[in-house]
1. Are any residues in region B:84-111 in contact (Cβ under 8 Å) with a residue 60 or more places away in the chain, of a type outside the set (A, V, I, L, M) and touching a helix residue (DSSP H, G or I) at 6+ places or on another chain (Cβ under 6 Å), and if so, which ones?
2. How do the pairs read when you match residues in region B:45-59 that are within 13 Å of residue B:26 (Cα to Cα) with residues anywhere that are not in a helix (DSSP H, G or I), using Cβ under 7 Å and keeping only pairs 6 or more apart or on different chains?
3. Would you mind stating whether residue A:126 is more than 27 Å from residue B:138 (Cα to Cα) and either more than 13 Å from every other protein chain (Cβ to nearest Cβ) or surrounded by 14 or more Cβ atoms within 10 Å (Cβ to Cβ) (or both)?
4. Of all residues in region A:232-270, which are surrounded by fewer than 20 Cβ atoms within 10 Å (Cβ to Cβ) and among the β-branched types (Val, Ile, Thr)?
5. Can you find, within region A:219-245, the residue that is farthest from the other protein chains (Cβ to nearest Cβ) among those that are under 17 Å from the mean Cα position of the chain (by Cα) and in a loop (DSSP other than H, G, I, E, B)?
6. Considering region A:2-47 alone, what residues qualify as being part of a loop (DSSP other than H, G, I, E, B) and either touching a Ser or Thr at 6+ places or on another chain (Cβ under 9 Å) or at positive phi (or both)?
7. Does residue B:203 meet the test of being modelled with pLDDT of 90 or more and of a type in the set (Gly, Ala, Ser)?
8. So which of A:251, A:273 is at the interface with chain B (Cβ under 10 Å from one of its Cβ atoms) and more than 19 Å from the chain's Cα centre (by Cα)?
Amino acid sequence: MQGIIRTIRDGSGFDILLLSLALIYLVTFSAFPIIYNIIMSLQTVDMFTIASFNRPFVGLQNYYDILSQPIASAVFWNTVKFVVLSIVFQLSIGFGLALFFQQDFPGASYLRGLFLAGWIMPALVVGAIWKWLLAGDFGVINYILMSSGVTEDRIFWLSNPDVALYAVIIANVWLGIPFNMLLLSVGLASIPRDVYEAAELDGAGAFERFRSITLPLMRAQLGAVISLGVIFTLQQFDLIAALTQGGPADSSNVAQYWSWQLSFQTYEISLGSAVSVLMILFVIVVAAVYVRSTRHEHSY
Amino acid sequence: MKRYILLIIGLAITTVYLFPLYWMYLTAFKDGTEIFQYPPSFWPRNPQWNFLEVWKGRDMGRYIWNSLIIAIGVTFLVTILGTGCAYVLARVRNIWMDMALFAILMMQVLPSSLMVTPIFVAFNQLGLLASPRFAVILAQAAKMLPLYIVLCRATFVQVPRELEDAALVDGSSRIGAFFNIMLPLARNGILITSVLIFLQSFGEYVYARSLIAKNELQTATVGLQTFMGPNANDWNGIMTYAAIYVTPILVIFMLLQRRIVSGLTAGALK
């Protein structure tokens, strides 16, 4: 007993104690739910069996049911579109802004800081604001588009199944720009000035400098930002809940929202956990890529 | 000269980006007919002050209070559990610590909307849903803890190791050195990271929506969602609600902006 107290006071027991506090919590509330989720996805879980500890196992039936649902392929492609388009625009706009605010002018870093206002706001509130901006009849976006001659008629962003997904993507891009810009700014700031100066002396133009210095030196950073973008986009739930709730007719439904709908709106809980298992696996693979790319940057 | 042209372009870009925020405040100040007018006005013709009315009418005090309880609970729990862990991960370097850090990074990325299904079923079986706000605190703390550890670890890495070693040589115990030397030196980073965790939890939606059944225990996000209902047209009410809700968040953020930004970038990329 004395030995234990001494090691906690003075030895590595202290480290182990502090570390295990957090790890036990995470195992209980993060790792265990994942395992439980896998078990549930192999059982029948609905309102009748939800409280029971002894549910019938059905093998891979839930996965089969999920994949054979007619909306499965629509949800899959919506998710792909949602992730790819969000990231392409977040990244290119964020990169452009990072390059712009990298230049030397008064107030540059202050203005850049203002962008983060978009990032700190609860996503549900951002969704509410965009729902009003994009409103069909009285939305200001439609007014701006029509008065500048981009479209002739009102676009019913949230109730037209052909555009609802894009409306959600627009709002998500707005939300993701600050974070992309911030992380890329950090990367840009770490590129030594004299590399550019040397290139300029050698007669390299601005575009040439960007292509042969900025892009290669930012490779690890871009990899990290893209994988973080995938992770954050797959976490996006609040925006969809505020804007379209997956509708109309599932036209803007994505996997993480569908999983929640199955569990909490139609109470097909085992189907919800089957979708959830598949998505969590995917997110973990992306996260492993992300961690590897930051490690890579470390050694270099 | 070129610098001022850049400044003007910079101001223009920022204005375009922040336009949605302006529109929220503007709509909150317009009256009920002006918001449906076409073409829309870009400055309130007849400014209204609906804030008290909406606060009372939508019972915002109760919603905000519930959000506060959850945010404070999460911040408290995460700080207690995570600070020591961040310190150890910064101090000790071996293969086990690398594996622990890797596991923590992996848990940081799990989407709430996917984790909520097993958490709901398990909490239901354990009877935790009888105290739903506590259940949300437990779930949200598990979501926030990895982020806190990663950001705090970056702070502890910056504290010179020699200071702690000196205290140990002088006969201080490990516990003493941790509380008297390391914690005070890392105080700023811990504080900023806690504020970040607080702000994130104050806007939590998925867990509150899914685990809390009673309306009087719901959070401000769910309150806003109910306000927006399927056929909502009280947009100046909704935008007033949103403005009341996010203004404190924006003010806190603007005050601490520089420190939050540097802490965040250090943690995300190192």
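1. First, pick out the residues of region B:84-111 that are in contact (Cβ under 8 Å) with a residue 60 or more places away in the chain: B:84-87, B:89-91.
Those still in the list that are of a type outside the set (A, V, I, L, M) too: B:84-85, B:87, B:91.
If the condition is that a residue be in contact (Cβ under 8 Å) with a residue 60 or more places away in the chain, of a type outside the set (A, V, I, L, M) and touching a helix residue (DSSP H, G or I) at 6+ places or on another chain (Cβ under 6 Å), then B:84, B:85, B:87 are the ones that fit.
2. Filtered contacts from region B:45-59: B:46/B:31; B:48/B:30; B:48/B:31.
3. On the way: more than 27 Å from residue B:138 (Cα to Cα): no; either more than 13 Å from every other protein chain (Cβ to nearest Cβ) or surrounded by 14 or more Cβ atoms within 10 Å (Cβ to Cβ) (or both): yes.
Here the answer is no, as residue A:126 does not meet what is asked.
4. A:266
5. Result: A:236.
6. The initial filter retains those residues of region A:2-47 that are part of a loop (DSSP other than H, G, I, E, B), namely A:11, A:42, A:44-47.
Scanning region A:2-47 gives A:42, A:44, A:45, A:46.
7. Numbers: modelled with pLDDT of 90 or more: yes; of a type in the set (Gly, Ala, Ser): yes.
Here the answer is yes, as residue B:203 does meet what is asked.
8. Working: A:251 fails: at the interface with chain B (Cβ under 10 Å from one of its Cβ atoms).
Among A:251, A:273, only A:273 is at the interface with chain B (Cβ under 10 Å from one of its Cβ atoms) and more than 19 Å from the chain's Cα centre (by Cα).
The values are calculated or read from the model by the stated rules, or taken from the named source; none is laboratory data. Everything numeric in this text was worked out from a predicted model, so none of it was measured. Because the Cβ atoms are built from the backbone with ideal geometry, glycine has one as well, and the counts that use them run over all protein chains shown.
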